[in-house]
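Structure first, commentary second.
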Amino acid sequence: MKRNHSKKALAIILSALLTVSLAACNNNQNGSPTEAATTAQTEAVTEAATQTATEAAKATAALSESDITITDTVENTADSEHAITADGESASYKNTKVTKTGDSDSGDEADFYGDNAAIFATNGATLDLSEMVIKTDGTHANAVFSYGEGTTVNISDSYIETSGNCSGGLMTTGGGTMNASNLTINTSGNSSAAIRSDRGGGTVNVDGGSYTTSGTGSPVIYSTADITVSNADLTSTASQGVVVEGKNSVTLKNVTLNADNNTKNSDKSEWYQAVMIYQSMSGDAAEGLSSFTMEGGTLTNENGDVFFVNNTATEISLTGATIVNNDTEGYFLRAAAAGWGSEGNNGGQVSLYASQQEINGDMVVDDVSHLNLYLSDSSTFNGAINSDGAAGDVYVEITDGSKWVLSGDSYITSLTCDADSIDLNGHKLYVNGVEYSAGSSSTGSAIAVVSTGGSGGSGGAPDKPGEGGGHGGEGGTPPEKPGN
């Protein structure tokens, strides 16, 4: 369970040091400390150090099922039912093991409204869960579900495991709220994000813990909500690390994210990526400006591009994060059309803000996309933009001692920079078709961000890369969900 180990460890060390100090002072009245006192001092310090290391290890280790004391069990094996329900009431459960089998015969009922979830809260309920073990192995068997405005689920110090397809760990829809701390969540089914939302979204706050997915179409985070994750370990072994759909957001604060997107559950895009921001046109997420924010922490991408933006407008904000792409052929950012949205109006419209940030890797912006790149507060960009030639509009603004070091010839539309902001590094930079002169300053204009995702799209039931099939339609009554 979650404890404040650092304060306890500090108290132990201070106590040990005080013992040493007093023993030394007392014995120094008669010369050097006695052998017994010296031994006591050594043992005290050793004990303090050992306990400190033990406490620190406990504080950082992922919570396992065996760490939780169980005093009660709840089981449900019926299709479309719940093991625990909180309907318009305040309820709490602690030290309880919950197991759920059985399936839902309606993907929409399960994904939108919580059918077949192991634990379900609705109609303005407040549900408090702590020191729980929750396991599901049915199809469409989400572990913990918060549905509807005014509904709040608070869960802490718990272990969650789902093995069926379309079975997320935490699920929030319809404007619900989910607050989670110090959880371990492992999902192995397809289309089973560890932290998941769907139609109607809501607010999700996660602090601490370990979150791992291994199924196809199962990012660690799939957002049609406002999701904030802090101080956590996030790992995907087959899918994107994060997917943001439509007018929604993901904020990561001091997290460790490792993404190895190496399988596809959609033929609408040929590329792999760690973070995908898009609009599926399924009706599950409103059209509009989305956002991805990362403050501190580490993002490691194993395959493909770091960021991919398609069929939507977004703001990406990076502050002091360590971002590593282990795929030397991948881009740092790809803004491009794919199989979602209307052809000619389905590119990625991106404003990328970098503060105290190092960016390593090239960027590509196709002819139906655009990019505003802002480097500030001593940021550095080591890379090229559209090295194969001019395509989409690109504006670059470099201020506050920031630097762009080119890794190849680059083609942009507009530039704002001081005289010492750009290191051509032996390459050429073209601004609106004119070659940039080394050591010169420039003043340009940003590109207007226009939300795309346009009407129509590719048929009303597009595949969703993180959720295994779209729902179709434009909101309201849930239509049939194909492919599930």
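The values are calculated or read from the model by the stated rules, or taken from the named source; none is laboratory data. Bear in mind that the values here come from a model prediction, so they are computed numbers and not experimental data. Neighbour counts run over all protein chains shown; Cβ positions are idealised from the backbone, glycine included.
Could you tell me which residue of region 93-138 is farthest from Ile185 (Cα to Cα), considering only residues that are within 24 Å of the chain's Cα centre (by Cα) and hydroxyl-bearing (Ser, Thr, Tyr)?
Looking at residues that are within 24 Å of the chain's Cα centre (by Cα) and hydroxyl-bearing (Ser, Thr, Tyr), I get Tyr113.
Mind listing whichever residues of region 381-410 are among the hydroxyl-bearing types (Ser, Thr, Tyr) and surrounded by fewer than 19 Cβ atoms within 10 Å (Cβ to Cβ)? Give the derivation first.
First pass over region 381-410, keeping only residues among the hydroxyl-bearing types (Ser, Thr, Tyr): 387, 395, 399, 402, 407, 410.
Correct list: Ser387, Thr399, Ser407.
When residues of region 409-451 are filtered for being within 30 Å of Asn346 (Cβ to Cβ), in contact with a Lys or Arg (Cβ under 9 Å, 6 or more places away or on another chain) and not hydroxyl-bearing (Ser, Thr, Tyr), how many remain?
Of the residues in that region, 1 qualify.
Being farther than 11 Å from Gly246 by Cβ and part of a loop (DSSP other than H, G, I, E, B) is the filter here; which residues of region 262-287 pass it? So that I can check it myself, show each step before the final result.
We begin by selecting, within region 262-287, every residue farther than 11 Å from Gly246 by Cβ; these are 262-276.
If the condition is that a residue be farther than 11 Å from Gly246 by Cβ and part of a loop (DSSP other than H, G, I, E, B), then Asn262, Thr263, Lys264, Asn265, Ser266, Asp267, Lys268, Ser269, Glu270, Trp271, Tyr272 are the ones that fit.
Just give me the residues in region 151-202 being in a loop (DSSP other than H, G, I, E, B), in contact with an Asp or Glu (Cβ under 6 Å, 6 or more places away or on another chain) and hydroxyl-bearing (Ser, Thr, Tyr), in sequence order. Don't jump to the end; show me each part of the working.
Let us first name the residues in region 151-202 that are in a loop (DSSP other than H, G, I, E, B), namely 151, 163-169, 174-175, 188-194, 198-201.
Pick out the ones that are also in contact with an Asp or Glu (Cβ under 6 Å, 6 or more places away or on another chain) and you get 163-164, 175, 191, 198-199.
Answer for region 151-202, where residues must be in a loop (DSSP other than H, G, I, E, B), in contact with an Asp or Glu (Cβ under 6 Å, 6 or more places away or on another chain) and hydroxyl-bearing (Ser, Thr, Tyr): Ser163, Ser191.
Of (1) surrounded by fewer than 22 Cβ atoms within 10 Å (Cβ to Cβ); (2) in contact with a strand residue (DSSP E or B) (Cβ under 9 Å, 6 or more places away or on another chain); (3) not β-branched (Val, Ile, Thr), Asn311 satisfies all except one. Which?
(1)
Considering only region 98-150, how many residues are touching a Leu at 6+ places or on another chain (Cβ under 6 Å) and either assigned to a loop (DSSP other than H, G, I, E, B) or surrounded by fewer than 21 Cβ atoms within 10 Å (Cβ to Cβ) (or both)? Reasoning before the result, please.
From region 98-150, those touching a Leu at 6+ places or on another chain (Cβ under 6 Å) are 121, 144; that's our starting set.
Remaining after also requiring either assigned to a loop (DSSP other than H, G, I, E, B) or surrounded by fewer than 21 Cβ atoms within 10 Å (Cβ to Cβ) (or both): none.
Here the count works out to 0.
So how many residues does region 315-343 have that are in contact (Cβ under 8 Å) with a residue 12 or more places away in the chain, of a type in the set (Ser, Thr, Tyr) and over 22 Å from Ala448 (Cα atoms)?
Quick first cut of region 315-343, residues in contact (Cβ under 8 Å) with a residue 12 or more places away in the chain only: 315-327, 330-342.
From the residues that got through so far, the ones that are of a type in the set (Ser, Thr, Tyr) too are 317, 319, 322, 331, 342.
Imposing the further condition that a residue be over 22 Å from Ala448 (Cα atoms) reduces the set to 319, 322, 331.
The total comes to 3.
State yes or no: is Asp463 part of a loop (DSSP other than H, G, I, E, B) and at pLDDT 95 or above? Full working, then the answer.
Values: part of a loop (DSSP other than H, G, I, E, B): yes; at pLDDT 95 or above: no.
No.
Under 9 Å by Cβ, and 6 or more places apart or on different chains, what pairs join a residue from region 437-453 that is at pLDDT below 95 with one that is surrounded by fewer than 16 Cβ atoms within 10 Å (Cβ to Cβ) and of a type outside the set (Ser, Thr, Tyr)?
Here the result reads Ser451/Gly288; Gly453/Gly288, each pair linking region 437-453 to a residue that is surrounded by fewer than 16 Cβ atoms within 10 Å (Cβ to Cβ) and of a type outside the set (Ser, Thr, Tyr).
What number of residues within region 69-83 satisfy the criterion of being in contact with a strand residue (DSSP E or B) (Cβ under 6 Å, 6 or more places away or on another chain) and without any contact (Cβ under 8 Å) to a residue 40 or more places away in the chain?
Quick first cut of region 69-83, residues in contact with a strand residue (DSSP E or B) (Cβ under 6 Å, 6 or more places away or on another chain) only: 70, 72-76, 82-83.
Still in the running and without any contact (Cβ under 8 Å) to a residue 40 or more places away in the chain: 72-75, 82-83.
Matching residues across region 69-83 total 6.
Against the conditions (1) assigned to a strand (DSSP E or B); (2) crowded, with 23+ Cβ neighbours inside 10 Å; (3) in contact (Cβ under 8 Å) with a residue 60 or more places away in the chain, where does Asn346 fall short? Just the number, please.
Result: Asn346 fails condition (1) only.
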